[in-house]
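Here is the structure we will look at.
What follows draws every value from the coordinates through simple rules; no lab data is involved. No experiment lies behind these values; they were computed from the predicted model shown. Glycine also receives a Cβ, built like all others from the backbone with ideal geometry; neighbour counts cover every protein chain displayed.
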């Protein structure tokens, strides 16, 4: 639920980082916090347990620039990844404008990824939000680990796509973030399929962190255009 | 407009009316400061003594606090708690729901009393509820109009180069 404040000339948008526990959601925010100029970001708030596991959420406000005289403020949130905390996880989704799903590339975390993705769909549906109709990107994190699954395998299980029903969208749409690839295309069986945008990342070193953030922010602003 | 991004906006006139209502409340109660926060955690307005804390962080935590308490209310068979009170040694805060979309927070110290704040906040809540209903109804009817950033695609692209 983006909020436009004409008095202070600000556009406020909410982006939520979702995904399985220990996948790197908080690390994404910490990297952004460390890299952006202090005058363009606020305080990083972490409601975490003593062992640094997210209990409720992490929060970081960042300014990404000015459009038409309006300051674009993005409020970045993470959710607690652990299955146990679903009640609080769901609360964070309230009023969300864009979602980043941080998947753990490790082969042994595949089931946890799928469980978290299903949980995201379920929680969004309870609010009446349709994930296929809003800014949504997937980040495959931990690409540097030796036990990381190949990208094709991750795509096949995490991002198989959804059928495009609207005739006007049944055409090849290029992926603006990955030259040479498409987000909407026709399968061999003739069905038109759309996939979420995706990025590879190593959040601990910062690789792919800003690519992901820029992509989701851009998609959010485009919904206002 | 994408599903799930029910935007709302308010004009400078709305802002003026909100500010006047809150100033009246502060004048009547001697509370230090009043903040309006929307349910997704964004700060809408601050009136009174400028807060000496990070207002953005405060807004986020307020929304989370209210949401968590709503869930607690449902667990015990209530639909929601429409007001909350947090008492400190010197500073206290009173939170009240407005039209299920916005939260009014009154910060006060020992220059006033909880009773007075609670009494006066009722009228303020009624006035603000009426005001916000108008803002939200207008938001709904305006959805068919082009958005604020209509035609700004190039500018958006430029921002992310």
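A few comments on the model shown:
- Cα gyration tensor category, rounded, prolate or oblate, for the range A:147-225 with a/c compared to 1.5: oblate
- Gain upon complete extension [residue B:28, residue B:73; 0.36 nm per residue less C-alpha separation]: 13.1 nm
- Averaging the sequence gap over all C-alpha pairs within less than 8 Å and six or more residues apart, then dividing by the number of residues, gives chain A a relative contact order of 21 percent.
- Estimated from helices alone, the mean residue ellipticity of the protein assembly as shown at 222 nm is -11500 deg cm²/dmol (sum of -39500 (n - 2.57) over DSSP H runs with n ≥ 4, per residue).
- When every Cα-Cα distance of the protein assembly as shown is counted in 10 angstrom steps from zero, the calculated P(r) takes the values 5, 22, 32, 25, 12, 4, 1, 0 percent.
- Ascending count of other beta-carbon atoms within 10 Å, so fewest first, for A:144, A:39: A:39, A:144
- Remark: chain A is approximated by an ellipsoid whose semi-axes, taken from the C-alpha gyration tensor as √(5λ), come to 26, 23, 17 Å, largest first.
- Length added when fully stretched, residue A:204-residue A:87, from 0.36 nm per residue minus Cα-Cα: 39.3 nm
- Here, the range B:70-109 has an Rg and a Dmax of 11.8, 33 Å when only alpha carbons are counted.
- Per the Cα gyration tensor, chain B maps to an equivalent ellipsoid with semi-axes of 31, 18, 17 Å, ordered largest to smallest.
- In degrees, nearest ten, helix B:55-75 long axis to first principal axis of chain B (Cα): 70 degrees
- Distance between the 7 Å Cα→Cβ label points at residue B:85 and residue B:110: 1.8 nm.
- Estimated FRET transfer efficiency when R0 is 22 angstrom, pair residue A:175-residue A:130 (beta carbons, to 0.05): 0.60
- In terms of surrounding Cβ atoms within a 10 Å radius of their Cβ, A:115, A:50 rank from fewest to most as A:50, A:115.
- Residues considered: A:94, A:43, A:133. Largest GNM mean-square fluctuation over chain A, using C-alpha springs under 10 Å, is found at A:133.
- Sequence-separation-based contact order of the range B:12-159, relative, with Cα cut under 8 Å and 6+ spacing, percent: 24 percent
- Computed from the C-beta positions of residue A:55 and residue A:191, the FRET efficiency with R₀ = 41 Å rounds to 0.45.
- Of B:43, B:26, B:126, the residue with the greatest mean-square motion in the GNM of chain B, using alpha carbon springs below 10 Å, is B:126.
- In degrees, nearest ten, helix B:114-141 long axis to first principal axis of chain B (Cα): 10 degrees
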